[in-house]
Amino acid sequence: MAVIVVEDGTGVSGANSYVTEAEFEIYALDRGITISGDKSILLIKSMDFIETRDYIGSKANGSNPLQWPRSGASIYGYSLSYDQIPDLLKESQMEVSLAI
C-alpha cells in the first residue's frame, strides 16, 4: 500500500497527490460509486496522468516536483492565489482515479 502525501499549496516535500484517500472515498460515495482497488494506488496512478498535462501560469516554486501550486493562473477569469490548489484539479484527479 502506497502512502499518500498531499500537496496543500505550501510545497509539501514528497507530495504525490492533491487529495486524501478520505476525500476520494467521499467523492465516490456521493456519486454512488464503490471504489474497487487500493485507493492510494489509484490516486498515484491518476497523478501520473494529471502531472503530464500543460497548465496555465508557472510553478510557484521551481523545486516543487508537482505542477501545482502555480502563480499566474486563473480559472473562469478569477485569479488563483500562488498557494492555491484548485478544486477543479482535485476533482480531475479523483475522476481519473475512478476511470482507472
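Could you give me the residue pairs with C-beta distances under 8 Å whose first residue belongs to region 12-36 and is assigned to a helix (DSSP H, G or I), whose second residue is open to solvent by less than 80 Å² (accessible area, probe 1.4 Å) and among the polar types (S, T, N, Q) wherever it lies, and which are 6+ apart or on separate chains?
Listed by first residue and then by second, the contacts come to GLU21/SER40; PHE24/SER97.
Whether any residue in region 77-87 is surrounded by 14 or more Cβ atoms within 10 Å (Cβ to Cβ), among the β-branched types (Val, Ile, Thr), modelled with pLDDT of 95 or more and within 11 Å of the chain's Cα centre (by Cα) is what I want to check.
Within region 77-87, one or more residues are surrounded by 14 or more Cβ atoms within 10 Å (Cβ to Cβ), among the β-branched types (Val, Ile, Thr), modelled with pLDDT of 95 or more and within 11 Å of the chain's Cα centre (by Cα).
Report the residue count in region 13-23 for those that are more than 20 Å from THR52 (Cβ to Cβ) and either buried (at least 16 other Cβ atoms within 10 Å of the Cβ) or modelled with pLDDT of 95 or more (or both).
4
So, in region 44-78, how many residues would count as being among the aliphatic types (A, V, I, L, M) and part of a helix (DSSP H, G or I)? Before you say what the answer is, go through the steps one by one.
Filtering region 44-78 down to residues among the aliphatic types (A, V, I, L, M) leaves 44, 47, 50, 56, 60, 66, 73, 75.
Remaining after also requiring part of a helix (DSSP H, G or I): 44, 47, 50.
So the answer is 3.
Name, by its number, the condition in (1) open to solvent by 70 Å² or more (accessible area, probe 1.4 Å); (2) more than 9 Å from the chain's Cα centre (by Cα) that does not hold for VAL96.
Unmet condition: (1).
List pairs: first residue in region 79-93 and in a loop (DSSP other than H, G, I, E, B), second residue aromatic (Phe, Trp, Tyr) anywhere in the structure, Cβ distance under 7 angstrom, at least six positions apart or on different chains.
Pairs that qualify, where the first residue is in a loop (DSSP other than H, G, I, E, B) and the partner is aromatic (Phe, Trp, Tyr), are ILE85/TYR18; ILE85/TRP68.
Tally the residues that are within 13 Å of the chain's Cα centre (by Cα) and open to solvent by 80 Å² or more (accessible area, probe 1.4 Å), restricting the search to region 24-58.
5
The values are calculated or read from the model by the stated rules, or taken from the named source; none is laboratory data. Predicted, not measured: the structure shown is a model, and the values here were computed from it. Note that each Cβ is placed from the backbone with ideal geometry, even for glycine, and that neighbours are counted across all protein chains shown. Just the protein is used for accessible areas: all its heavy atoms, side chains included, with ligands, DNA and RNA removed. Shrake-Rupley method; radii C 1.70, N 1.55, O 1.52, S 1.80 Å.
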